[in-house]
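Here is the structure we will look at, set down as structure tokens.
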Amino acid sequence: MDRNAARDAWDLANLAGQTHEAMHSKNFRLWFIALSAILNHPLTTYTQDRIEKRITNRSVAEQLAPMLIGQATPLRPDDLVERSWNVICPFIKLGDNEANYIASIQQGELYPELLFSDDPEESKRVTLHPAILWKLLNVRAHLAKVKT
């Protein structure tokens with residue numbers, strides 16, 4: 001989400017069947033949103049426009065084309081952006097509980113039960129995730145600086 005490299009967009013646009021199916025499971029979505037807490041910015045700030053700014057003819061030619069093998073040919077940047085955005089867009093559109101989870105992270109709070117309301121074990125796993133705990137520590141430190 002942060003890098004927006006042409007090869008990342010290619011990977012999303014060309015997901016294998018089983019991967020594509022797995023991404024549409026409820027558990028994958030919940031964990032994707034839970035782990036988005038570690039991104040540099042809130043999940044909802046990752047837009048198609050942001051991808052468009054980074055996927056250019058130059059980035060496709062320099063970063064993607066050399067990585068492709070066989071008969072694979074790179075897409076035009078606008079097609080690559082559209083196809084990859086179509087895959088990731090459903091994860092950016094959040095329900096109320098999901099949006100509240102993201103907002104709580106930005107306040108240095110963690111409420112995984114907003115995502116895993118029917119699964120206390122998964123909720124607990126989120127509360128123990130080292131990267132999420134690190135993010136919370138940094139958010140709280142940042143908020144403390146802003147208040148002073």
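Each value in this text was obtained by applying a stated rule to the coordinates, not by laboratory testing. Fair warning: this is a prediction, and the values are worked out from it, not measured in the lab. For neighbour counting, all protein chains shown are included, and Cβ atoms are generated from backbone atoms with ideal geometry for every residue, glycine included.
Please work out the FRET efficiency for the pair Ser104 and Arg3, using the Cβ-Cβ distance as r and a Förster radius of 25 Å; give the result to the nearest 0.05.
Numbers: r = 25 Å, r/R0 = 1.01.
Efficiency at R0 = 25 Å is approximately 0.50.
By the rule of a C-alpha distance below 24 Å, with chain neighbours fewer than 8 residues away ignored, the lysines paired with Lys124 are Lys26, Lys135.
So between Asn40 and Ala131, what do we pick up on full extension, going 0.36 nm a residue minus the alpha carbon distance? List each step's numbers first, then the result.
Working: separation 91, 0.36 × 91 = 32.76 nm, distance 1.21 nm.
The Asn40-Ala131 span can extend by a further 31.6 nm.
Highest mean packing comes first when the peptides 104-112, 61-69, 38-46 are listed by Cβ atoms within 10 Å, giving 104-112, 38-46, 61-69. Computed from backbone phi with θ = phi - 60° and the Karplus coefficients 6.51, -1.76 and 1.60, the 3J(HN,Hα) list for the stretch 18-30 is 5, 5, 4, 5, 4, 5, 9, 7, 4, 5, 4, 4, 4 Hz; x is used for glycine and proline. Under 19 Å of direct C-alpha separation, and excluding same-chain neighbours fewer than eight residues apart, Lys147 reaches these aspartates and glutamates: Glu109. For the stretch 1-83, applying the loop criterion from DSSP together with a ceiling of 13 other beta carbons within 10 Å to the trypsin sites (Lys or Arg not before Pro) yields Arg3.
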